[in-house]
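Note sheet for the following structure.
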Amino acid sequence: MKNILVTGGMGYIGSHTCVELIQAGLQPIIIDNLDNSEIWIKDRLEEITGAKFPFYQADCANKDVLEQVFQEHKIEGVIHFAANKAVGESVSAPLKYYNNNINSLLSVLEVSNKYNCQNLVFSSSCTVYGEPDMLPVDENAAIKQAESPYGSTKIFCETIIQDFIKSQKNYKSILLRYFNPIGAHSSSLIGELPLGVPGNLVPFITQTACGLREKLTVFGNDYNTVDGSCIRDYIHVVDLAKAHVKAFEYLFKQTQPTCTAINIGTGVGYSVLQLVQTFEQATGVNLNYEIGPKRAGDVEAVYANATKAKQLLNWESELTMEDALIDSWNWQKTLER
Ligand code: NAD
Ligand code: WQD
């Protein structure tokens, strides 16, 4: 069984990915400082999978801890999820974002390479495209000046990995550019745990639906789109998690240094109002919402050309937006108790 180090493995995408790794016969070894996750996620992961796995509660920027992990386990690959991800907070606390998101990557690159572990999957984001010139957006599209320090960290991290690989004989990496992950595990045992008022659409909707928030504000209805609200590519987090398994299958087959960016999205864009309507139909809940002003920094429309993922990884999304919204809602209902 190959060991995969999963930084940030207790978080939203990381926890779902650990389930898929185990189900694919890979052994996750998690390092997470629990800055944005909870210790009970570990029990939930064990409940879902029936497996046990090593967990280190630590900052993965700490090279001493990373060295310890690599000395205690023979690790064949790393998924680097660990990062701060709140776009708004990154504007008010940019140094926190540059410090954590960049330094954690530098430590992971240095220590993994020292221990001859040269397969890295990195969590990037469609945020690197900004407002794309062409839709659907493919991986050759221009990388745009980021709207936020968070977005800048993703662009810098991609560049750091590319430069590092050019300097190496064997290091291989896939930069997965996630579109908008939503949904939760169908068991309702793991899901997204937003801190404070959610900035993201779906957690705000589920919190509104259960009465924690009074109403959803739809940010703008005069964009040049089907109904005036913004368009995004909403991808079920379980589909997204599976892409990481496929990424390792690909990396383990490569014999040359490689660094390639791959979009992970459904290929279909939905508007905010279409998503709201799908949520209402799928759950039977009437959502209290109003149209409000545009949110600064929002792009009008972005959705993936996902053919590279299909060609290189043999991955494509399987679950629908409706599946994801039902799973998010079921997860939200467990949090109320
Ligand atoms: P999350 O906050 O739920 O998970 C991140 C995990 O990393 C948390 O458990 C946190 O405690 C941990 N962490 C943060 N800094 C750490 C450090 N220095 N050392 C150890 N642990 C640390 O976020 P997520 O939604 O699961 O996102 C995972 C990755 O995917 C991030 O890199 C994020 O930028 C990227 N991403 C997320 C989205 C999204 O919408 N959720 C979209 C695109 C890309
Ligand atoms: C989705 C749509 C909003 C909240 C962010 C990051 C991006 C990536 C994914 C990490 C937009 C609208 C939202 C609300 C609304 N993360 N909305 N009312 O902004 O597409 O992407 O998460 O890499 O980098 O920027 O996601 O969920 O915030 O918004 O109308 O209360 O919902 O305007 O059109 P976004 P989101």
Phi-based couplings in Hz for the range 300-310 (Karplus 6.51, -1.76, 1.60; Gly and Pro marked x):
5, 8, 8, 8, 8, 8, 9, 6, 5, 4, 5
Tally Lys and Arg at +1 and Asp and Glu at -1 over the other residues with C-beta under 10 Å from the C-beta of residue 122: what net charge comes out?
+1
Given 23, 36, 75, which one lies farthest toward the positive end of the charge dipole of the range 9-76, if we put +1 on the Cβ of every Lys and Arg and -1 on the Cβ of every Asp and Glu?
23
Quick check: the angle from helix 272-283's long axis to the longest principal axis of the chain, C-alpha only, nearest 10 degrees?
90 degrees
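Could you work out how much longer the chain between residue 99 and residue 134 gets when fully extended? Use 0.36 nm per residue separation minus the Cα distance between them, nm to one decimal.
Value of the extension gain: 9.3 nm.
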Mean separation of Cα contacts under 8 Å (6+ apart) over length of the range 5-77, as relative contact order %:
33 percent
With Cβ to Cβ distances under 10 Å as the rule, what net charge do the other residues near residue 313 carry (K, R +1; D, E -1)?
+2
Spelling it out for residue 182: with amide H atoms placed in the peptide plane at 1.01 Å from N, the residues 5 or more places away or on another chain with amide H under 5 Å from its amide H are 235, 236, 237
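Per the 1.4 Å probe, what fraction of the accessible area of the chain, in percent, lies on carbon and sulfur atoms?
After summing per-atom areas, the C and S share lands at 46 percent.
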Using modelled amide H (1.01 Å from N, peptide plane; none on Pro or chain starts), what sits under 5 Å from the amide H of residue 29, excluding residues fewer than 5 places away?
4, 5, 6
Work out how much length residue 318 to residue 142 would gain on full extension: take 0.36 nm times their residue separation and subtract the Cα-Cα distance, in nm to one decimal.
60.6 nm
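When only Cα pairs under 8 Å and 6 or more residues apart are kept, what is the percent relative contact order across the chain? Don't skip to the answer; put the middle values down first.
Values: 680 pairs, mean separation 65.3, N = 337.
About 19 percent, as a whole number.
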Contact order normalised by length for the range 218-331, with contacts defined as Cα pairs under 8 Å and 6 or more residues apart; what percent is it?
43 percent
In this model, which of 74/310; 2/42; 96/333; 215/333; 74/253; 114/242 are farther than 22 Å apart at the alpha-carbon?
74/310; 96/333; 114/242
Give me the one-decimal nm value for the distance between modelled label points at residue 23 and residue 169, 7 Å along each residue's Cα-to-Cβ direction.
4.0 nm
Provide the percentage of antiparallel DSSP beta bridges, counting only those with both residues in the range 1-58; round to the nearest 5.
0 percent
With every protein chain kept in place and ligands, DNA and RNA left out, what is the accessible area per residue of the chain? Probe 1.4 Å, answer in Å².
43 Å²
Calculated FRET efficiency, residue 277 and residue 51, Cβ-Cβ r, R0 25 Å, to nearest 0.05?
0.05
Report, in whole Å, the centroid distance computed from the Cα atoms of the range 201-232 and the range 127-175.
28 Å
In nanometres, the difference between 0.36 nm per residue of separation and the alpha-carbon distance of residue 200 and residue 110 is 29.1 nm
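The values are calculated or read from the model by the stated rules, or taken from the named source; none is laboratory data. This is a predicted model, so every value here is computed, not measured. Note that each Cβ is placed from the backbone with ideal geometry, even for glycine, and that neighbours are counted across all protein chains shown. Ligands, DNA and RNA are stripped out before the accessible areas are found, and what is left, the full protein with its side chains, is counted by its heavy atoms. Shrake-Rupley method; radii C 1.70, N 1.55, O 1.52, S 1.80 Å.
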